[in-house]
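Please treat every number below as a calculation from the coordinates, not as lab data. Bear in mind that the values here come from a model prediction, so they are computed numbers and not experimental data. Glycine also receives a Cβ, built like all others from the backbone with ideal geometry; neighbour counts cover every protein chain displayed.
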Amino acid sequence: MNILILNCGSSSIKYKLFKMDQNTVLARGVVERIGLTGSQLRYRAGGKNDLVDAKPVPGHREALEMILQTLISGGHGVIGNLKEIDAVGHRVVHGGEYFQQPVAVDNNVLELLEECSQLAPLHNPPNIMGIKVCRQLIPHAAQVAVFDTAFHQTIPDYAYMYAIPYKYYREHKIRKYGFHGTSHKYVSRRAAELADETVKKLKIITCHLGNGASLCAIDGDRSVDTTMGFTPLAGVIMGTRCGDVDPAIVDYMSGIEGITGAEVLEILNKHSGVLGLSGLSSDFRDLEQAALEGHPRARLALDMFIYSIAKNIGALIAALGGLDALVFTAGIGENSPGVRAGICSKLNYMGILLDDGKNSTSGEETLISTSDSLVQVFVIPTDEEKMIAEETKTAASNLTYK
Ligand code: AMP
């Protein structure tokens with residue numbers, strides 16, 4: 001079974017073609033700068049030369065046509081014809097309260113997805129566009145939507161509600177949704193496999209620390225709380241996002257700057273976090289180097305990031321009533337021993353102990369805690385595409401009309 005995974009953004013489409021029976025990736029790449037100058041397709045397939053095809057790509061339809069044509073092309077192709085694509089798994093950011101699982105897309109599902117666009121106006125529309133175009137270009141293939149929010153639909157009401165008048169939930173669906181669900185699910189299941197224990201028995205906290213960052217408390221394979229909220233702006237400090245702040249700041253900043261609430265949100269989303277604090281960079285490699293060289297605000301940004309995560313881990317341990325495993329993933333979680341050590345050193349009193357030698361690892365699955373640590377601590381590279389492919393396979397296999 002061949003499954004194509006698509007992540008359609010506003011100006012880019014990332015893709016990966018999996019051969020599921022052999023657990024291999026046949027081809028992967030991205031079409032960048034769709035509808036802008038300098039658009040190009042990048043393509044990589046095992047045993048073939050890498051391809052960069054720079055030409056105008058006016059829209060998502062043309063981008064998807066380019067991807068599909070390359071997959072079957074004489075020189076670079078990896079399949080004989082498009083009929084060999086059995087299913088397409090689409091990453092969809094927001095499934096609202098409608099979707100707790102991946103779903104095979106029909107007209108009814110498309111309508112609900114459009115409705116969810118209100119909650120993710122930047123992300124859902126290009127996701128939906130990808131689904132619609134694929135239904136036209138490869139109508140024989142099952143189209144499956146896999147949601148960033150779905151894994152968190154098991155969070156109980158006392159954890160997902162905000163203490164604002166109830167009508168805002170009832171009439172406008174304002175509540176915590178949480179994001180990065182596919183990543184949290186993937187790494188928590190891998191942690192259980194590495195711990196040689198069934199995931200149903202474990203209490204796990206997963207720390208997805210990349211440009212966007214969120215933590216998730218998982219009890220027996222179910223998300224019971226997470227740090228992001230109604231939007232991905234909430235929770236821990238991130239690269240350019242502020243994380244949790246007093247909401248009264250929005251009106252106050254709007255007054256002093258003479259700008260709208262939307263403009264304040266732009267500052268909180270794009271110019272805050274460790275970038276705003278340091279005035280230097282949102283990239284942790286730059287910040288760690290600058291801190292070593294004595295840059296005080298780079299040090300402050302790192303200290304605040306580490307503090308914010310350790311504090312939220314404490315809160316999630318309370319939500320779980322215990323902890324068996326702690327997992328670090330994504331760009332920073334996988335690659336920064338310093339950040340991991342900083343966080344875990346604040347949790348020593350809970351019996352979380354790192355092995356400094358093992359913690360020097362970067363980018364590979366490793367148990368980094370000592371043998372006498374009460375909690376097993378893992379570094380696990382996330383693989384959202386693989387998880388989406390597996391979920392797509394399950395959803396496509398369940399289709400009654402196949
Ligand atoms: P992601 O969003 O998962 O791709 O993560 C991107 C972030 O990972 C970058 O902004 C960097 O801050 C961080 N990162 C990547 N490599 C390293 C590294 N070797 N050390 C520290 N941080 C890193």
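Tabulated results
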{"item": "Label zone at T231 (point 7 Å along Cα-to-Cβ), backbone N below 14 Å, the stretch 98-140", "result": "118-124"}
{"item": "Ordering of 259-266, 27-34 by burial proxy (mean other Cβ atoms within 10 Å per residue, highest first)", "result": "27-34, 259-266"}
{"item": "Computed lengthening from E293 to D196, 0.36 nm per intervening residue step minus Cα-Cα distance", "result": "30.7 nm"}
{"item": "Around V133: net Lys/Arg minus Asp/Glu count, Cβ-Cβ under 13 Å", "result": "+1"}
{"item": "Around D303: net Lys/Arg minus Asp/Glu count, Cβ-Cβ under 14 Å", "result": "+3"}
{"item": "Segment T394-A341, length gained on full extension (0.36 nm per residue, minus Cα span)", "result": "15.3 nm"}
{"item": "Linear extension gain, E111 paired with Q22, 0.36 nm per residue minus alpha-carbon span", "result": "28.5 nm"}
{"item": "5 angstrom amide H check on F147, placed H, neighbours 5+ away", "result": "V92"}
{"item": "Helix 107-116 axis, angle to the chain major axis (alpha carbon atoms, nearest 10°)", "result": "30 degrees"}
{"item": "Of D106, D356, D246, the one that fluctuates the most in a GNM where the chain has Cα springs shorter than 10 Å", "result": "D246"}
{"item": "Dipole of the chain, positive end: most advanced residue of P139, Q153, S360 [Cβ charges, Cα centre]", "result": "P139"}
{"item": "Nearest-ten-degree value, helix 248-257 long axis tilted from longest Cα axis of the chain", "result": "80 degrees"}
{"item": "For L202, distant residues with modelled amide H under 5 Å away", "result": "G220, D221"}
{"item": "Nearest-ten-degree value, helix 261-270 long axis tilted from longest Cα axis of the chain", "result": "90 degrees"}
{"item": "Size of electric dipole in the chain: Cβ of Lys, Arg +1 and of Asp, Glu -1, about Cα centre, debye, nearest 20", "result": "580 debye"}
{"item": "Fraction of beta bridges assigned by DSSP in the chain that are antiparallel (%, nearest 5)", "result": "70 percent"}
{"item": "Mean residue ellipticity (222 nm) of the chain, computed from DSSP H runs ≥ 4 via -39,500 (n - 2.57), nearest 500", "result": "-11500 deg cm²/dmol"}
